[in-house]
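Below is one structure, written out as structure tokens; the observations come after it.
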Amino acid sequence: MTATHPELVRLRKSIDNLDAALVCLLAERFKVTRRVGELKAELGLPPADPAREAQQIERLRVLAKGAELDPEFAEKFLNFIVSEVVRHHALIARDTV
């Protein structure tokens, strides 16, 4: 068995740290969106807000471009997150009735 190159080990540790940070950030984001879902349910608002979602997608595409990240990837990522948020909001609304 050969030893792993030190640079590869260092890079993998960086990736592991970034993955941990992403998970923590997503958890925080979903805590906030949960409260949004509760508030929407209390106010009788629908789980989805297509206008807001479109604004967020455009905003994220601009941010991605500035960060040298593929805007298409960023949009797909946000669409996945938004679909989960809307699903959670629908569940909250159903349970609030």
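Nothing in this text is a laboratory measurement; each read-out follows from the coordinates by a stated rule. Quick caveat: nothing in here was measured; it's all calculated off a predicted structure. Note that each Cβ is placed from the backbone with ideal geometry, even for glycine, and that neighbours are counted across all protein chains shown.
In table form, for the structure just shown:
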| quantity | calculated |
| --- | --- |
| Neighbour-count order for VAL86, VAL23, fewest beta carbons within 10 angstrom listed first | VAL23, VAL86 |
| Ordering of 67-75, 14-22, 34-42, 2-10 by burial proxy (mean other Cβ atoms within 10 Å per residue, highest first) | 34-42, 67-75, 14-22, 2-10 |
| Sum of -39500 (n - 2.57) over DSSP H runs of 4+, divided by residues of the chain (222 nm, nearest 500) | -30000 deg cm²/dmol |
| In Hz, Karplus ³J(HN,Hα) per residue of region 76-81 (6.51, -1.76, 1.60; θ = phi - 60°; x = Gly, Pro) | 4, 4, 5, 4, 5, 4 |
